[in-house]
Amino acid sequence: MLSRTRIVNAAVDLIEREGADAVSMRRIAAELGVGVMSLYNHVPNKSALLDAVAESVLSKVEFTDDPAAHWTERVRIQARAFRQIAHHYPRSTMVVVSRQLQSTAGILPVERALSTLLEAGFDGREAVQMLRVYIAYVVGSLLREVGVTPTFAPVRPDIRIAEVDPALFPVVGELAPHLMECDHDEEFEFGLELLVQAMTVRAARRASGVAGGPGAEDARG
């Protein structure tokens with residue numbers, strides 16, 4: 001029996017196989033073996049279908065948030081939860097980050113993240129700014145991991161150190177062994193820890209009454 005859930009699941013499967021550009025109402029109908037007009041009883045158009053895909057993926061994020069934990073650990077938990085679902089649905093996750101969601105599934109992660117930051121002592125504006133930085137880091141890391149941005153991925157192993165002209169690129173030549181390898185788990189945790197440490201410093205400054213806005217360091221220097 002045709003249902004919205006079946007349609008969305010078919011779209012997710014297609015996206016994971018061929019990417020979001022492959023999605024059309026006609027293609028989904030063919031995947032399900034139904035007439036294209038029958039889809040419109042459940043999903044009004046392709047844009048709504050992609051929104052539904054994003055909401056479906058987000059609804060599968062398993063937040064094991066512990067309200068009793070320190071806020072820094074809660075930030076880590078939330079980042080890891082989103083990364084985990086991205087590994088299961090890498091191409092559909094790119095749909096998630098491209099949509100402006102208004103559903104419960106779309107807003108819940110934002111609600112939890114902002115609540116965590118407010119409880120850490122940040123004001124509303126700072127909480128929103130930090131959330132945006134946090135999202136930029138997580139999404140950027142995921143883009144590299146799923147191979148969407150190969151330019152920023154580790155150098156291909158078939159590029160030999162000897163091929164790098166040391167006169168032109170002395171630093172790249174020296175660090176080529178590190179550039180040619182990448183443990184995604186280790187890299188993600190390294191970057192996440194840098195982000196959390198920076199947030200911790202800012203939280204401490206706020207708690208001590210030291211202004212942390214743009215130019216504050218220069219003013220104190």
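A single member of ILE28, ILE15 is in contact (Cβ under 8 Å) with a residue 60 or more places away in the chain and of a type in the set (A, V, I, L, M), and it is ILE15. Quick check on the stretch 1-45: of everything there that is among the basic types (Lys, Arg) and touching a helix residue (DSSP H, G or I) at 6+ places or on another chain (Cβ under 8 Å), which residue is most open to solvent (accessible area, probe 1.4 Å)? That would be ARG26. Among the residues of the stretch 52-62, is there at least one that is surrounded by 15 or more Cβ atoms within 10 Å (Cβ to Cβ) and more than 30 Å from GLU193 (Cα to Cα)? Yes, the conditions are met somewhere in the stretch 52-62.
When the stretch 34-45 is filtered for residues that are in a helix (DSSP H, G or I) and either farther than 13 Å from ALA10 by Cα or of a type in the set (Ser, Thr, Tyr) (or both), the ones remaining, listed by number, are VAL36, MET37, SER38. Quick check: anything in the stretch 59-69 modelled with pLDDT under 90 and assigned to a helix (DSSP H, G or I)? Yes, some residue in the stretch 59-69 is modelled with pLDDT under 90 and assigned to a helix (DSSP H, G or I). Of all residue pairs spaced 6 or more apart or on separate chains, those with beta-carbon atoms under 9 Å, a first member in the stretch 43-72 that is free of Cβ contacts under 8 Å to residues at least 60 places away in the same chain and within 27 Å of ARG26 (Cα to Cα) and a second member that is among the basic types (Lys, Arg) and open to solvent by 20 Å² or more (accessible area, probe 1.4 Å) are VAL43/ARG4; SER47/ARG99; LEU50/ARG99; ASP51/ARG99; ALA52/ARG4; VAL53/ARG99; ALA54/ARG99; GLU55/ARG99.
Here ALA48 meets each of (1) within 22 Å of the chain's Cα centre (by Cα); (2) surrounded by 17 or more Cβ atoms within 10 Å (Cβ to Cβ) with one exception, condition (2).
Considering only residues in the stretch 70-80 that are aliphatic (A, V, I, L, M) and crowded, with 19+ Cβ neighbours inside 10 Å, the one that is modelled with the highest pLDDT turns out to be VAL75.
The values are calculated or read from the model by the stated rules, or taken from the named source; none is laboratory data. In this text the structure is predicted, and so the values were computed from the model without any measurement. Virtual Cβ from ideal backbone geometry, glycine too; neighbours counted across all protein chains shown. Side chains are part of the model used for accessible areas, which takes the heavy atoms of the whole protein and leaves out ligands, DNA and RNA. Shrake-Rupley method; radii C 1.70, N 1.55, O 1.52, S 1.80 Å.
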